[in-house]
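Worksheet for the structure shown next.
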């Protein structure tokens, strides 16, 4: 039996090998046929007519930059007679939701050029060479239809700094993109537009002039820009007379265009739920709470936990109302929303872009006010201040490492670019400076709450009765109470930092001073 099997194998081994190779070639052929073929999306100049310059607000500087490119592609003679050439690349960068992709859609509508759009993530595949082939195809399609605009969304997916990972396929795709952007003949009327949220992670070769000649920062809108955005998104919505979009814009400091569009949509949904015929102020207030604080939770607290949350939020509110450098309060609530058991909504008087050391200390004092109130009233602290403590740690680290706002020579004259490039002694001094900044804010919050304990009790009592306090209620509680200005720096307190610094001179370290 074994001999017959061996004879069969000897006779048919060649045929079996040929059949196996044929099957292997068939599988490879089917794999190639099934490989994804992503074609660039071509947006015709007349398509998406609902997105024009007038539909975009709050990003006037970026619109002006892109208008020049659109005008150049429409009528290049006014530029070429002066020797100007169209920018080869425009990089839109900024936080998410500021309108970078929306600007690209507006260019597609406003320009007479052909518009090709593709996401950078579609260039990166597990198959070697496929991403580079797609790059070549995209640029070949654009050259056939010039004048043309290429838009690459989320550029950081393919344009990250080379050597940052071991993805050779992504780097090969990036190399092909660099070659294509450098390979334009001067006569080409092709503009590459790209959008990215992570400018610092992009490869330097991609950012140099000749590839991306212009880098346009799309920033979150200011108060006037937010009002303009709200008017754009409420243009087709019926509004009641009590809706003040200027007030809504003031309440939404720091929010992006996408957030504001979401607020307008949520306000319309709230109005529809109550069978209203026009959106009112109450709908916008509910929508603002929904977007900022989250969905109202069904969490049920016992009596003790409600008292803790009430005093915690009262501590935040009291410190914020007493300090002159902090924003005034719009609403206090102990109704659970999202992950928060209570919250305080601010009403900034104006947008601010610079902070002093004293203003950051006051901000930390407000964050620690809830924890201090718990400690003063109940003699213990809870886990409810976890997020506050995390934000305090972030602020103190930025003050010492980025803003050089420490008080020792090691931390007040330079920012730390590379933490590994400093000595252990300097790192210890930095840690002690961070602790001292947190202690200073804690002492300030404790002073404010202990000195105005009666107002704390009024805040907490009314919160327990009504759950929500509006601005008129807060004005009534704080009537006649003067605000406190802590901008004058406190005298330096001795502590571990002084002990660490004194070891450099070889002296004996002094005894550490008292710390709160």
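The values are calculated or read from the model by the stated rules, or taken from the named source; none is laboratory data. Given the structure is predicted, the values throughout are model-derived calculations rather than measurements. Ideal geometry is used to build each Cβ from the backbone, glycine not excepted, and the neighbour counts take in all protein chains shown.
Among the residues of region 331-348, those that are closer than 21 Å to residue 381 by Cα, within 24 Å of the chain's Cα centre (by Cα) and not in a loop (DSSP other than H, G, I, E, B) comprise 340, 343, 344. Scanning region 349-359 for residues that are under 20 Å from the mean Cα position of the chain (by Cα) and either more than 19 Å from residue 222 (Cβ to Cβ) or touching a residue at least 12 places away in the same chain (Cβ under 8 Å) (or both) yields a single hit, 351. Against the definition (part of a helix (DSSP H, G or I) and at pLDDT below 75), how does residue 169 come out, yes or no? The answer is yes for residue 169. In region 270-288, the residues that are farther than 17 Å from residue 260 by Cα and not assigned by TED's automatic domain parsing to the domain that holds residue 344 form Cβ pairs under 8 Å with partners that are at pLDDT 90 or above and assigned to a loop (DSSP other than H, G, I, E, B), at six or more places apart or across chains, as follows: 277/238; 278/238; 278/240. One residue stands out among those in region 214-236 that are without any contact (Cβ under 8 Å) to a residue 40 or more places away in the chain and assigned to a loop (DSSP other than H, G, I, E, B): the one that is farthest from residue 63 (Cα to Cα), which is 236.
Being at pLDDT below 90, assigned to a helix (DSSP H, G or I) and surrounded by fewer than 18 Cβ atoms within 10 Å (Cβ to Cβ) is the filter here, so list the residues in region 367-420 that pass it. 409, 412, 419, 420 - these are the residues of region 367-420 that are at pLDDT below 90, assigned to a helix (DSSP H, G or I) and surrounded by fewer than 18 Cβ atoms within 10 Å (Cβ to Cβ).
Name the single residue, out of those in region 73-100 being touching a strand residue (DSSP E or B) at 6+ places or on another chain (Cβ under 8 Å) and at pLDDT below 85, that is farthest from residue 216 (Cα to Cα). Result: 73. For region 20-38, the criterion of a residue being at pLDDT below 80 and either under 23 Å from residue 97 (Cα atoms) or in contact with a helix residue (DSSP H, G or I) (Cβ under 6 Å, 6 or more places away or on another chain) (or both) is satisfied by at least one position.
Looking at 108, 104, 57 in this structure, which one is modelled with pLDDT under 85, crowded, with 22+ Cβ neighbours inside 10 Å and under 22 Å from residue 222 (Cα atoms)?
Matching residue, one of 108, 104, 57: 104.
Considering 137, 85, the condition of being outside any loop (DSSP other than H, G, I, E, B) and surrounded by fewer than 20 Cβ atoms within 10 Å (Cβ to Cβ) is satisfied by 137 alone.
Just one of 488, 500, 516, 445 is buried (at least 19 other Cβ atoms within 10 Å of the Cβ) and either modelled with pLDDT under 85 or not in a helix (DSSP H, G or I) (or both); which is it?
500
Can you list residue pairs whose Cβ atoms sit under 9 Å apart, with the first residue in region 85-107 being outside the structural domain of residue 212 (by TED's automatic domain parsing) and on the phi > 0 side of the Ramachandran plot and the second being surrounded by fewer than 22 Cβ atoms within 10 Å (Cβ to Cβ) and assigned to a loop (DSSP other than H, G, I, E, B)? Count only pairs 6 or more apart in sequence or on different chains. Close Cβ pairs (under 9 Å, with a partner that is surrounded by fewer than 22 Cβ atoms within 10 Å (Cβ to Cβ) and assigned to a loop (DSSP other than H, G, I, E, B)) do not exist here.
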